[in-house]
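Worksheet for the structure shown next.
The values are calculated or read from the model by the stated rules, or taken from the named source; none is laboratory data. From a predicted model like this one, the values you see are computed outputs, not experimental measurements. Please note: Cβ atoms are built from the backbone with ideal geometry, for glycine as well, and neighbour counts cover all protein chains shown. SASA here: full protein model, heavy atoms, side chains in, ligands and nucleic acids out. Shrake-Rupley method; radii C 1.70, N 1.55, O 1.52, S 1.80 Å.
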Amino acid sequence: MLQNQIQKTYTVSLLNKEIRYLLEQNFYSLQLTGEISNFISPSSGHWYFSLKDDNAQIRAAMWRGNNRSATFKPKNGDQVLVRARVSLYEPRGDYQLIVEHIEPAGEGQLKQQFDALKMQLAGEGLFASEFKKPLPNNIRRLGVITSPTGAAIKDILTVLEKRAPQLEVVIYPALVQGNEAHTQLIEQLQLANQRNEVDVIILGRGGGSMEDLWCFNHEMLARAIFNSHIPVVSAVGHEIDTTISDYVADLRAATPSQAAEIVSPDKNHLTQHIDVLQSQLHQHMRKHLQVASHNYQVLEQRLLRYHPTNRLNQQAQLRDELEIRLLNSINRQLESAKYTQHTLKARLEKATARKTKLSHAGQTLQNLVTRLHSAKKTIRVFRKATCGYWLQIKCHQPTLQY
């Protein structure tokens, strides 16, 4: 059955251009890890390499303006974490990554896991403000889940001794670092809820690296905090440290000392109320900033789609590719010329040896010719002398008479 619709006919260039638009629109920002291979850094300052794992690889380009902010220069074999968008190199029809940020793998992988879990739990509503339990106005007994010998418990007790020495403290000892730490933290949190002997629980530890604080990013611990009927104050690390426990807890304190200040009874409860409102404001601001950041990325991708820099970068990549091919061609020609020179040199040396041999033979021939001429002259003189002698003998020979 014939169709009345007229099918659009593409050129190769038009098809590649539209595919590039589709890729850039649908994969405008992603993170992935892999191993660097085929790394090239031409004179333009751009970086070109492949990112691979055990089963596949993809080409990547990082423009000079982006790689200037990199904390290291990658080399073949490096494991890296990159933030990139997917694009298409139109002249060759190859899809590739346009890398905007690169860092060594390791902490970057933990950050990737952190962001993935954060997004998952946020989608389930574990961070929602409507599920946050308010702190009691009159706190008489405080529970602290932390290491009994760490710096956090010392800071908390020091603050409480100054602000509220009458406050009772129940310590639930647990590991706060290592593979088994999250299990002990969950067990002590559940124990505190079973006993129901405290008004508020402080869950935390002192500062450390992301790996040191990783037990507070465990999904099971986050769900245990969410299910606690006793309000939980998360006080993990320093002010700059943020964990999943901070997001799911009823209140987040920047440090263990600040957590002790928040839960300490005070004559003026307004300070505590302001801290709660400030924490909630920060949460709302983070959500607002996340939405604004997403909208910004969408608008940025629209701008990139029509920005002339895109075309210039394509041309720059083409130029760099031609430069690399030219250098390779020159190197091949030089190698060929060296080989030809070596061959001609060998032939010249061989011809020189033959010339020398012919020269010696010519000299020998010349000597033989000279000797031959000399011998001919001697023979002529000898013949003349001999001929005269025989004529003389013949003339003087007596005639016989019969």
Every pair of residues 6+ apart whose Cβ atoms lie under 9 Å, when the first sits in region 154-174 and is modelled with pLDDT of 95 or more and assigned to a strand (DSSP E or B) while the second is among the basic types (Lys, Arg) and loosely packed, with under 15 Cβ neighbours inside 10 Å: Val169/Arg141; Val170/Arg141; Val170/Arg195
Residue list for region 194-217, filter: open to solvent by 50 Å² or more (accessible area, probe 1.4 Å), part of a loop (DSSP other than H, G, I, E, B) and either among the charged types (D, E, K, R) or closer than 18 Å to Ala259 by Cβ (or both): Glu197, Asp199, Glu211
From Tyr89, Tyr28, Tyr95, Tyr48, residue being open to solvent by 60 Å² or more (accessible area, probe 1.4 Å) and aromatic (Phe, Trp, Tyr): Tyr95
Count - residues of region 8-25 that are of a type in the set (D, E, K, R) and either open to solvent by less than 50 Å² (accessible area, probe 1.4 Å) or part of a loop (DSSP other than H, G, I, E, B) (or both): 3
Residue match in region 280-288 (condition: over 19 Å from Val248 (Cβ atoms) and in a helix (DSSP H, G or I)): yes
Residue that is farthest from the chain's Cα centre (by Cα), among those in region 111-153 that are over 22 Å from Gln280 (Cβ atoms), polar (S, T, N, Q) and part of a loop (DSSP other than H, G, I, E, B): Thr149
Among (1) of a type in the set (D, E, K, R); (2) open to solvent by less than 70 Å² (accessible area, probe 1.4 Å); (3) within 37 Å of the chain's Cα centre (by Cα), the one test that Asp275 misses: (3)
Residues of region 222-243 satisfying the condition of being hydrophobic (A, V, I, L, M, F, W, C) and either buried (at least 23 other Cβ atoms within 10 Å of the Cβ) or more than 34 Å from the chain's Cα centre (by Cα) (or both): Ala222, Ala224, Ile225, Phe226, Ile230, Val232, Val233, Ala235, Val236
Subset of region 155-193 [among the basic types (Lys, Arg) and surrounded by 14 or more Cβ atoms within 10 Å (Cβ to Cβ)]: Arg163
